[in-house]
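Here the structure comes first, spelled out in structure tokens, and everything after it is commentary.
The values are calculated or read from the model by the stated rules, or taken from the named source; none is laboratory data. All of these numbers come straight from a predicted model, not from anything done at the bench. Note: ideal-geometry Cβ built from the backbone for every residue, glycine included; neighbour counts use all protein chains shown.
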Amino acid sequence: MGVYGIDLGTTNSAIAAIDADGRPEVLIGLNGEPTVPSVVLFASARDHVVGEGARRQARLDPDHVCTLVKRRMGDAEWRFGAHGQLWSAPAVSSLILKSLAADAEFGGGEPVRRVVITVPAYFGDEERRATIQAGTYAGFEVAGVLSEPIAAALSYGFGRLDGGLEIGQGPARETVLVYDLGGGTFDATVIELADRRISVLAVEGDHQLGGADWDERLALHLSQRFCAANPDAEDPLDDSIGSQLLVLAAEQAKHELTTADSTEVVIAHDGARAVIPLTRDELEAMTASLLRRTLDLTRAVLNAAAQRGVRQVDRLLLVGGSSRMPMVSEGLLKEFGLIGELRDPDLSVARGAALYGEKLEMERLVAADLVTRGRLRDGAELFEADPQDLAAAVARVADSFGQPVSLVRRMLEIQVDTVVSRGFGVLALDPFDGLSASWLVHRNQTLPIKVRRSYGTVRADQDQIELTIVEQQGQAASTRPEDSKVLVEGRIRDIPPGYPEGSEVRVTFEMGFDGVLHVTAYHVDADLPLTLSVQTGATLSQADVERELEQLQRTRRRSS
Ligand code: AMP
């Protein structure tokens, strides 16, 4: 059974799988389109609509339509309220995931069970956890969360040699800058492709910056022009239906200005009407500061990569629907002298996720084959197997899938290295500064990471230690607690009695390739693992999860 790759996007989502020829293929949904709008309409307390139907309904019933939910991922406090029910960001997202799965199955695919879901590279620990939670709510086993630029690079690497995955073989070592401007998030990533290795060297980004900000600026401009032409009419922005319509009109005009130099927008509101001419130059002028921010972040990522030895960028990949705007490639060319390549900006991420899912699946099957035959210890890594045993297992797995042995072997050989998107540390009492952040891990350090810190108890028989783990928010790591976000506020509990002041508790902070943080604690003298109980964390409480699961079971998906 295959692993599906899902691009859970801010504005649009897509699901992909590996086809019979071993190529990643985006599955066409019920609406006949490869992407589905990431929009949910809560039609009543018992049913909902996902996708185009929900997006259209946004005009008539804006209070029950949830859009841009990805921007809320990782905000444990946020809820969307509709028909007396509250929905967290993972719960809303799970409805989008389920709808994608239903579409994939409708299209003749196998039932969706295991998935890889992509996230912006810049997502920190809590947004990644929220994404996993969304997958769990949808009833999936989340085989991995993968950074979107890595997915795009995988898809690009696959496409370089038709029919096979060709990642920087031999002399074709390449440094690629991935500029990903989607509907609501922006990521800039420097990736090296070499020796079947994809290595992320540096990431930068802002997950509150995307095409929706362009729409907002334009909507504001349109409302001003409408009000100037109709001084007695109400401002469309003062009314929820009016402002939804205005934003949709703005987005439509923005799309038109990608190919045309000028267009006209017709706004009808409050019994009045205005025909507003608009040029691409005007759009570019009013959104110049947004583009500037992406260019500044791109410069920052190039500087970070330079510190890791990158002298030049060989290729610029443009990903995300908003990078279609001509101002993007023009800005990048002017600023960095790089010519951008737009390759399926909407679909490459889902395709890359499916490729990565396939890689994980092949690894799992080859390992299971070896373990069953007693040729590999359960839990051991594949590279620990005898090369001949490995080759035989690869051949068997390829045979059972009807795929070329070379493809399975290449899949296994691909290595993905990535970095921490945001530094993290602990809040500690500093004798001079009061409470201050002490950083354990810095942004752009290579994953996986394991850091150990020892803490001494401050009195005899102390039975617990408070621990606050924070994540970097701004571009630079600051020691001021207000500049960082609390990831975990917890207590290491059940320290056994009878130990003096200063006895050692060793805390291990581990972050795997998926960017999710795991914390464990250990009492050295007692030789005892300790439990960390979390009071406040970025994730939802158990009670919330149970309530939402019930709520999710009660709601039915309507086709429109
Ligand atoms: P994504 O999240 O990657 O699907 O990107 C969606 C964003 O891309 C939305 O903000 C769209 O308005 C924007 N977008 C899609 N097509 C175009 C286009 N032709 N011109 C400008 N923006 C576009």
Can you pull out every residue in the stretch 261-314 that is touching a residue at least 24 places away in the same chain (Cβ under 8 Å) and assigned to a loop (DSSP other than H, G, I, E, B)? D270, G271, T287, R308, V310, Q312, V313, D314
Apart from one, (1) within 13 Å of the ligand (Cβ to nearest atom); (2) under 20 Å from E141 (Cβ atoms) all hold for V26; the odd one out is (2)
Looking only at the stretch 174-206, filter to residues that are crowded, with 24+ Cβ neighbours inside 10 Å and acidic (D, E); which one of those is nearest to the ligand (Cβ to nearest atom)? D180
Would you pick out the residues in the stretch 292-340 that are β-branched (V, I, T) and either more than 14 Å from the ligand (Cβ to nearest atom) or touching a Pro at 6+ places or on another chain (Cβ under 7 Å) (or both)? T298, V301, V310, V313, V319, I339
M327 is checked against (1) surrounded by 14 or more Cβ atoms within 10 Å (Cβ to Cβ); (2) in a loop (DSSP other than H, G, I, E, B); (3) at pLDDT 90 or above; (4) not acidic (D, E) and fails just one. What number does that condition carry? (2)
Note down all Cβ pairs under 6 Å where the first residue falls in the stretch 321-344 and is assigned by TED's automatic domain parsing to the domain that holds T259, the second is assigned to a strand (DSSP E or B) and exposed (fewer than 14 other Cβ atoms within 10 Å of the Cβ), and they're at least six residues apart or on different chains. none
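What are the residues in the stretch 257-267 that are more than 8 Å from the ligand (Cβ to nearest atom) and either under 28 Å from the mean Cα position of the chain (by Cα) or within 20 Å of A229 (Cβ to Cβ) (or both), if any?
So the first thing to find is which residues in the stretch 257-267 are more than 8 Å from the ligand (Cβ to nearest atom), and the list is 260-267.
Once the filter is applied, which keeps residues that are more than 8 Å from the ligand (Cβ to nearest atom) and either under 28 Å from the mean Cα position of the chain (by Cα) or within 20 Å of A229 (Cβ to Cβ) (or both), the stretch 257-267 yields S262, T263, E264, V265, V266, I267.
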Find the residue count for the stretch 211-243, including only residues that are among the hydroxyl-bearing types (S, T, Y) and within 16 Å of the ligand (Cβ to nearest atom). 0
Counting only residues in the stretch 381-393 that are free of Cβ contacts under 8 Å to residues at least 12 places away in the same chain and farther than 15 Å from R410 by Cα, the one farthest from the chain's Cα centre (by Cα) is identified as Q388
Would you pick out the residues in the stretch 530-541 that are closer than 30 Å to Y137 by Cβ, assigned to a strand (DSSP E or B) and either modelled with pLDDT of 85 or more or not aliphatic (A, V, I, L, M) (or both)? T531, S533, Q535, T536, G537
Can you tell me which condition T508 does not meet? The list is (1) surrounded by 15 or more Cβ atoms within 10 Å (Cβ to Cβ); (2) β-branched (V, I, T); (3) not in a loop (DSSP other than H, G, I, E, B), and all the others hold. (1)
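Of the residues A305, A288, A272, which is within 27 Å of the chain's Cα centre (by Cα) and under 30 Å from P231 (Cβ atoms)?
Numbers: A305 fails: under 30 Å from P231 (Cβ atoms); A272 fails: within 27 Å of the chain's Cα centre (by Cα).
After ruling out the rest, the residue left standing is A288.
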Are any residues in the stretch 70-91 over 22 Å from T35 (Cβ atoms), modelled with pLDDT under 95 and surrounded by 24 or more Cβ atoms within 10 Å (Cβ to Cβ), and if so, which ones? G74
Test: residue in the stretch 475-493 that is modelled with pLDDT of 85 or more, crowded, with 19+ Cβ neighbours inside 10 Å and within 30 Å of V203 (Cβ to Cβ): no
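Restricting attention to strands (runs of 3 or more DSSP E) lying wholly within the stretch 5-80, give those where 3 or more residues are touching a helix residue (DSSP H, G or I) at 6+ places or on another chain (Cβ under 8 Å) and aliphatic (A, V, I, L, M).
Details: elements: 12-18, 24-26, 40-42, 47-50.
Ranges flagged: 12-18.
Inside the stretch 207-241, can you point out the residues that are polar (S, T, N, Q), surrounded by 17 or more Cβ atoms within 10 Å (Cβ to Cβ) and not in a loop (DSSP other than H, G, I, E, B)? Walk me through how you get there before you give the answer.
Of all residues in the stretch 207-241, those polar (S, T, N, Q) come to 208, 223-224, 230, 240.
Next, from what is left, pick out any that are surrounded by 17 or more Cβ atoms within 10 Å (Cβ to Cβ): 223, 230.
If the condition is that a residue be polar (S, T, N, Q), surrounded by 17 or more Cβ atoms within 10 Å (Cβ to Cβ) and not in a loop (DSSP other than H, G, I, E, B), then S223 is the only one that fits.
Results for (1) more than 30 Å from S400 (Cβ to Cβ); (2) within 16 Å of the ligand (Cβ to nearest atom); (3) crowded, with 17+ Cβ neighbours inside 10 Å, shown as yes or no for each residue.
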{"residue": "A17", "(1), (2), (3)": "no, no, yes"}
{"residue": "A20", "(1), (2), (3)": "no, no, no"}
{"residue": "P37", "(1), (2), (3)": "yes, yes, yes"}
{"residue": "D47", "(1), (2), (3)": "yes, no, no"}
{"residue": "G53", "(1), (2), (3)": "yes, no, yes"}
{"residue": "S93", "(1), (2), (3)": "yes, yes, yes"}
{"residue": "K98", "(1), (2), (3)": "no, no, yes"}
Criterion (out of contact with any Asp or Glu (no Cβ under 9 Å at 6 or more places or on another chain), aliphatic (A, V, I, L, M), in a helix (DSSP H, G or I) and in contact (Cβ under 8 Å) with a residue 24 or more places away in the chain) met by exactly one of A101, A130, A91: A101
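State the number of residues belonging to the stretch 1-10 that are within 16 Å of the ligand (Cβ to nearest atom) and over 13 Å from the mean Cα position of the chain (by Cα).
Here is the first cut: in the stretch 1-10, the residues within 16 Å of the ligand (Cβ to nearest atom) are 5-10.
Pick out the ones that are also over 13 Å from the mean Cα position of the chain (by Cα) and you get none.
Residues that pass the stated criteria total 0.
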